[in-house]
1. Please determine, in degrees from 0 to 90 and to the nearest 10, the orientation of helix 248-269 with respect to the longest principal axis defined by the Cα atoms of the chain, where the helix direction is its Cα long axis.
2. For the range 273-450, build the charge dipole from Cβ charges (+1 Lys, Arg; -1 Asp, Glu) around the Cα centre, then report which of 365, 441, 332 sits farthest towards its positive end.
3. Calculate the dipole size of the chain relative to its Cα centre from +1 charges on Lys and Arg beta carbons and -1 charges on Asp and Glu beta carbons; express the result in debye to the nearest 20.
4. Take a quick pass over the range 273-450 and tell me how many lysine pairs come in under 15 angstrom between Cα atoms, counting only ones 8 or more apart or on separate chains.
5. Residues in the range 348-377, backbone N under 20 Å from the label point at residue 320 (7 Å along the Cα-to-beta-carbon vector): list them, ranges by number please.
6. Probe of 1.4 angstrom, ligands and nucleic acids ignored: what's the accessible area per residue over the range 273-450, in square angstrom?
7. In terms of the Cα gyration tensor, with a ≥ b ≥ c the square roots of its eigenvalues, is the range 303-362 rounded because a/c is under 1.5, prolate because a/b exceeds b/c, or oblate?
8. Can you find, among 214, 172, 159, the residue farthest towards the positive end of the dipole of the range 47-270? Put +1 on the C-beta of Lys and Arg, -1 on that of Asp and Glu.
Amino acid sequence: MLRTLAGTKRCLSLASGTLMKTTSNQLWAPNNVPSITSTLRFRHYTTPTHISQSVPDNSGTMSEIKEEMMKRLGLDHGYQPLPKSRSHLLKYHPKLEELPPRSMQDSFTSAIIPLSKNLALQDKYVTYLGNVRMGRLLEDMDMFAAWCCHKHVLIPQLPADIPLPYTFVTILVDRIDFTNTLASGTQDVRLSGHVSWVGTSSIEVVVWLEQLQNGSYVKLTRALFLMAARNATNTGAAPVNPIKPATDEESTILAGGKERKNQRQLLRAQSIFKVEPNDSEQTLMYELYKRTTPSDTMELNKRILPPNCRWMSHSYQMSTIPSFPEHRNHHNRVFGGFLMRCALEISWAAAVLYCRTRPKLEHISDISFEKPVSVDSFIKMTAYVVYTNMNYLQIMTVAEVLEPHSGKQVTTNTFYYTFLAPDKVTEVLPLSYHETMWYIQGRRKFENNMGLNGKKDKDNAI
């Protein structure tokens, strides 16, 4: 119990916030779910499919949105190793008190990916089975979230012929859940969304993805993007318009913003890389040791693999990707959506090759962008199977930038994916202590994604 209390205190200090009290109605968990994660089931963002009292503004196609964003930012087509200077826009940087309040309706907009009419576009989005490439849609969702930020920010005193003195960057993508709808690669896809909460310079955007099927739009997924508003040269924070709710519904959504922010901090703070394993996880680690160590010898480092299991060290896929200018954002950095697509696709490959069938993507957990990636980088993507449970497998994908001259490797992103296979998958087991930590981290992510929470213990309750 003392070890658990110490870990809890460390988690609290890392989160810099106050834990929410849990209710007495806890969900049953089969494997002694860590008490640290028991409060995290409250973090899921649940709103209607759209703001029910509003109709989204139609912004056209995603190609048209991209053109409009470049126009607003004063950017030109064509690659230049040194981006066009925007330092002259710093003098138009507004103060917070100069920005008028905005409602969620002001940024509520939609866009179409016209797959049914544009055959050239189809080739980029379709799989060999005729389904849609979800990685391509993640790219579009990232760009659409930035477009919602453009719609939200209003600077009344900015001259009409002056580009927007802002830069919008993606900080993280919250949990993404997928429905059972099988998306076609030949039918139109609609993105819609709006700003749902703002801080001083941070912007939370909710984005929905739907597809036209049998004459009506069917929901595919929903995600929360946390964006940062930066000044024109991306050298400092920029203030954003506060939100003034126009309806009771908007007030309800806004009220949850601070809670969602605190719970995002908790999720990061409870990482195994920051908080030591709790009591139940220590017990699990010992059970893993007993299962994989022969009982008839004391030979050092001798391990045995139980039947129907695979070592984690044999359960990964890796790819090194050279980035090119076509993968850049408006500021000559690698576009975050491109990283999301590459990570998803290699994770998909790892999942297929591990379970030898085509699993379904169930969840994407908490994508964070720790460092910008230069457009001339070599990007190493490694997808590890770190945890399995019945038909589910949890993938952890690590993105690293390779420096060709010095040989240094810097981790820029970590992605977590939950896949569901049609049949029970082979159990993955850690071989080293380091792999065991990854196993525990994957288990935490899986149980949080699935809404599993252990029984409330008065000694371990947070």
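1. Value to nearest ten degrees: 40.
2. 332
3. 680 debye
4. 6
5. Inside the label zone: 350, 373-377.
6. 46 Å²
7. Since a/c reaches 1.5 and a/b is larger than b/c, the shape of the range 303-362 is classed as prolate.
8. Value computed over the given set: 172.
The values are calculated or read from the model by the stated rules, or taken from the named source; none is laboratory data. This is a predicted model, so every value here is computed, not measured. Counting neighbours? That spans all protein chains shown, and the Cβs are built from the backbone with ideal geometry, glycine included. Quick note on the areas: whole protein, heavy atoms, side chains included, nothing else; ligands and nucleic acids left out. Shrake-Rupley method; radii C 1.70, N 1.55, O 1.52, S 1.80 Å.
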